[in-house]
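Okay, so here's the structure we're looking at.
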Amino acid sequence: MKWKNWFFQREGSYTEELRLDRSELIGGHVPRRLLPDQIVDSVCGYCSTGCSLRVHLREDEAVTVTGTPTYPVNRGMACPKGWEAVRVLQASDRATAPLLRIGRRDWKRLSWNDAINLFVQRMKAIQQQYGRDAVAFLGTGQLTTEELAFLGSLAKFGMGILDGDGNTRQCMASAVVAYQQAFGFDAPPYTYADLEQSDVLLFIGANPCIAHPILWQRVAQRRDNPTVIVIDPRTTETASQATLHVRVRPKTDLLLLYGIAKLLIENGWTNPEFIRNHTTGYQEFASFVQQFDIQRVVNETGVPGHIIKELAKAIGCGRRVSFWWTMGVNQSHQGVRTAQAIINLALLTGNIGRPGTGANSITGQCNAMGSRLFANTTNLLGGHDFTNPQHRNKVARILQIDETMIPHRKSLDYHHILEEVIRGRIRALWIVCTNPAHSWINQQLCHEVLERLDFLVVQDMYYSTETTRVAHLVLPAAGWGEKEGTFINSERRIGRVRKVAEPPGEALPDFVIFQRIARAWGCGRWIERWSDPESVFRILQELTAGQPCDFTGIDGYAHLEREGGIQWPYPRNAPDRRPERRLFEDGRFFHPDGRARFCFEEPRPPFEQPDASYPLLLNTGRGTAVQWHTQTRTSKSPLLRNLYPRQLTIEIHPNDARRLGIRPYDRVEVTSRRGRLVAAAFVTPTVPEGQVFLPMHYPEVNRLTPSVFDPYSFQPAYKHCAVRVTKLGSSLASGQ
Ligand SMILES: Nc1nc2c(c(=O)[nH]1)N[C@H]1C(S)=C(S)[C@@H](COP(=O)(O)OP(=O)(O)OC[C@H]3O[C@@H](n4cnc5c(=O)[nH]c(N)nc54)[C@H](O)[C@@H]3O)O[C@H]1N2
Ligand SMILES: Nc1nc2c(c(=O)[nH]1)N[C@H]1C(S)=C(S)[C@@H](COP(=O)(O)OP(=O)(O)OC[C@H]3O[C@@H](n4cnc5c(=O)[nH]c(N)nc54)[C@H](O)[C@@H]3O)O[C@H]1N2
Ligand code: SF4
Ligand SMILES: [Mo]
């Protein structure tokens, strides 16, 4: 491929070290020779690529970070977020002691004892007054698996909470439901080697160059010129390097994919043997797609007919075709069906279970996969089902708890939890490792919800987040690098997370905070086995026995460290011990009949379309490779801060800008039916005419987005609403 290895490969060995500072960025750094005492390899705490970072310590202090050369995921590479992972731990706004809010603005410092006692007293009092289900929790995909399982178990089996969800709802829920319905279990089938073994790679609603830089690097490093197709309304950094960029009209992918399926069937570009032996529902699907003739697809998607045919041919005639999708698909009013339309193409052509193939949802956060399996919210621990008595019995037996402690239904989803706050049923919320006051959709509503609560506890690394600021009680948490455990990356690889620094002040690892709460609550003897992360890991292993995600064959943390992470499944005595393994090589899926299902449905129109008052379509997503979500961490690094715009910029097409009298870097007002914000105009043809794009990393962006969700996954549709852009007079300096 034409793209070069620009900033991802850092030189570095055990003895020759680079101390990173801003001067390095402008090319003037001086490598210093240091002799580190120790190196510690730990999986990165940002994106789900799951690189291993080598932290070099000198006299117990982390002096620099390089990519672990031997780790199978990143092979020595790391992106700038990884390089700066330790630096962001040192910040003046780190939460260093528990804080209690007094009145509207003042805070009082508490001892841990007082803070935990207050937590327990207030939560119990609310449960006594309003019922057990008056308390709920919101978690994350950024804690270790052991911590996620601890939070979910303590909350549901210890505190009797019924409802809890996580920020993985914002990102993975559509893929989860799509896989569960199509394959019988939430199981991304690929291994990263598939990126290198594929002849045709389709990225749909995904911008890995920015969002999964090292994963993308493995594609970019290929010397054999695979066909890379990007389906995205914007000319993203990924699209600009692709063989073919398909500029689909937003939220019309479903039609495009059905139209392609029709062409595949018409041209005989399917794999009848695979369909016959390994799928159900083909006949119904084949007759359903007949209505998507090419003219209809052209009209609705805006993709020219010859491109649609080219796409179908590339998929139908490629030897090893792989499909990769992320938020452009999942965050939609029809995210589940769109993801399944992608799965259907893989099933039609038999592109699954072989090297270089697969219908592959890439996860987002470092431990999104851990959250999917172990958060104990939508699924009972280990991918079990709350409604299944045998599953409840198994989990109760392994945890040594009374079966009656396990709820008979799954949690409400995030959006309905917030609605229950508005209704007054939920009065207290415990938010751990997520920042919804910035990141949740339709922000005004979210703020109203948070303000309505009788008791809001926020457990975070920093005092300064938008959510911490409105909390009643803040519990100071250690961050990545300050604790031990495991993460599960996008290719189902369980990897080790290591402690390389002490938490500041009195901050504690979430694991320890959960232990203290459990003890003070009086959860009973079962929680005593949850004594340290590795003991919990062993309990979780037992929970996976017999499940598709069985990893009972891993011999503790040392085994993970030795192997460079291990992908699930990895059952005891499993014959297959290959270091890279994909699912479905035997053509057996997880439904009882062993077959995958074609799932499909009539496309539906999006919630809002541009009109005379709000004539432009707003898309939102990741802005740069160096910004992470709500920026609580990445904004703490001077190096990273130098690599992204200080202020919010809106991407707008030159023709729209001209029509609105907007020049580059003019201040503009962006208004939707829900709110308004001010941004600088970035005039660029990378967005199509009639569309604008805002990066999600600035707190005001979700003032504009609407409460729209996929009806099956309840994932928010962050990427589609109508806005108006108007010029606000004076131009901002162009020095972005
Ligand atoms: N640097 C950085 N990396 C990250 C993150 C971060 O915050 N910063 N976050 C991580 C997380 S949690 C996640 S979930 C992932 C997200 O990773 P991505 O999903 O790759 O990132 P996004 O920019 O949200 O969305 C991807 C693309 O979807 C496109 N899109 C929007 N609407 C449509 C549509 O209707 N059809 C199609 N085909 N495309 C559409 C957008 O234009 C955008 O380019 O990134 C992870 N990696
Ligand atoms: N408009 C728009 N909005 C979006 C999206 C979009 O594409 N467009 N994408 C959505 C997606 S996919 C996602 S995943 C969400 C992400 O949204 P959030 O989860 O709200 O974003 P983060 O900034 O990652 O928040 C993590 C919080 O946990 C804290 N933290 C970090 N490590 C630890 C730890 O070890 N322990 C504890 N206790 N706290 C810790 C951080 O300081 C931070 O406050 O945003 C969503 N919002
Ligand atoms: S690509 Fe992702 S996992 Fe790898 S170093 Fe960057 S943020 Fe960390
Ligand atoms: Mo995400």
In the range 708-729, how many are open to solvent by less than 20 Å² (accessible area, probe 1.4 Å), among the polar types (S, T, N, Q) and not in a loop (DSSP other than H, G, I, E, B)? 0
Within the range 664-706, count every residue that is over 21 Å from residue 249 (Cα atoms), touching a helix residue (DSSP H, G or I) at 6+ places or on another chain (Cβ under 7 Å) and part of a loop (DSSP other than H, G, I, E, B). 3
Could you tell me how many of the residues in the range 175-208 are within 11 Å of ligand 1 (Cβ to nearest atom) and open to solvent by less than 10 Å² (accessible area, probe 1.4 Å)? 6
Going through the range 354-389 in order, the residues found to be more than 16 Å from ligand 2 (Cβ to nearest atom) and either modelled with pLDDT under 95 or open to solvent by 10 Å² or more (accessible area, probe 1.4 Å) (or both) are 354, 355, 379, 383, 385, 387, 388, 389
For the range 235-253, enumerate the residues that are of a type in the set (A, V, I, L, M, F, W, C), more than 18 Å from residue 316 (Cα to Cα) and open to solvent by less than 10 Å² (accessible area, probe 1.4 Å). 239, 248
A careful count of residues in the range 547-563 that are open to solvent by 10 Å² or more (accessible area, probe 1.4 Å) and farther than 16 Å from residue 370 by Cβ gives 8
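Residue-by-condition table, conditions (1) among the polar types (S, T, N, Q); (2) within 16 Å of ligand 4 (Cβ to nearest atom); (3) more than 17 Å from residue 383 (Cα to Cα):
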residue	(1), (2), (3)
122	no, no, yes
156	no, no, no
166	no, yes, no
183	no, no, no
193	no, no, yes
Test for residue 52: is it in contact with a helix residue (DSSP H, G or I) (Cβ under 7 Å, 6 or more places away or on another chain), buried (at least 24 other Cβ atoms within 10 Å of the Cβ) and among the hydroxyl-bearing types (Ser, Thr, Tyr): no
What tally of residues in the range 59-77 results from selecting those that are open to solvent by less than 30 Å² (accessible area, probe 1.4 Å) and not in a loop (DSSP other than H, G, I, E, B)? 7
Given the range 358-423, what helices (runs of 4 or more DSSP H) lie entirely inside it while holding 3 or more residues that are farther than 28 Å from residue 451 by Cβ and within 16 Å of ligand 1 (Cβ to nearest atom)? 368-374
Taking the range 103-160 on its own, how many of its residues are crowded, with 24+ Cβ neighbours inside 10 Å and either among the acidic types (Asp, Glu) or at positive phi (or both)? 2
Could you give every pair whose Cβ atoms fall below 7 Å, whose first residue belongs to the range 629-649 and is within 16 Å of ligand 3 (Cβ to nearest atom), and whose second residue is small (Gly, Ala, Ser) and in a strand (DSSP E or B), counting only separations of at least 6 or pairs across chains? none
Please work out which residue is farthest from ligand 2 (Cβ to nearest atom), limiting yourself to the range 327-351 and to residues that are over 20 Å from the mean Cα position of the chain (by Cα) and open to solvent by less than 10 Å² (accessible area, probe 1.4 Å). 350
Specify the residue that is farthest from residue 509 (Cα to Cα); the eligible residues are those in the range 520-546 that are in contact with a Phe, Trp or Tyr (Cβ under 9 Å, 6 or more places away or on another chain), open to solvent by 30 Å² or more (accessible area, probe 1.4 Å) and part of a helix (DSSP H, G or I). 520
Residues in the range 359-380 that are closer than 17 Å to residue 195 by Cβ, touching a helix residue (DSSP H, G or I) at 6+ places or on another chain (Cβ under 6 Å) and either away from ligand 3 (no atom under 16 Å from the Cβ) or of a type in the set (Asp, Glu) (or both): how many? 2
For the range 215-226, which positions are under 15 Å from residue 80 (Cβ atoms) and either open to solvent by 10 Å² or more (accessible area, probe 1.4 Å) or away from ligand 1 (no atom under 11 Å from the Cβ) (or both)? 217
Restrict the check to the range 78-94 and report whether at least one residue is of a type outside the set (Lys, Arg), part of a strand (DSSP E or B) and either more than 16 Å from ligand 2 (Cβ to nearest atom) or in contact with a strand residue (DSSP E or B) (Cβ under 7 Å, 6 or more places away or on another chain) (or both). no
With the structure loaded, tell me whether residue 503 is in the same structural domain as residue 153 (by TED's automatic domain parsing) and either within 16 Å of ligand 1 (Cβ to nearest atom) or open to solvent by 10 Å² or more (accessible area, probe 1.4 Å) (or both) or whether it fails that test. yes
Answer from 229, 275 - the residue that is in contact (Cβ under 8 Å) with a residue 12 or more places away in the chain, surrounded by 17 or more Cβ atoms within 10 Å (Cβ to Cβ) and more than 17 Å from residue 325 (Cα to Cα): 275
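The values are calculated or read from the model by the stated rules, or taken from the named source; none is laboratory data. Remember, it's a predicted structure, so these values are computed and weren't measured experimentally. Every residue, glycine among them, receives a Cβ derived from its backbone with ideal geometry; neighbour counts consider all protein chains shown. Only protein heavy atoms, including side chains, enter the accessible area calculation; ligands, DNA and RNA are left aside. Shrake-Rupley method; radii C 1.70, N 1.55, O 1.52, S 1.80 Å.
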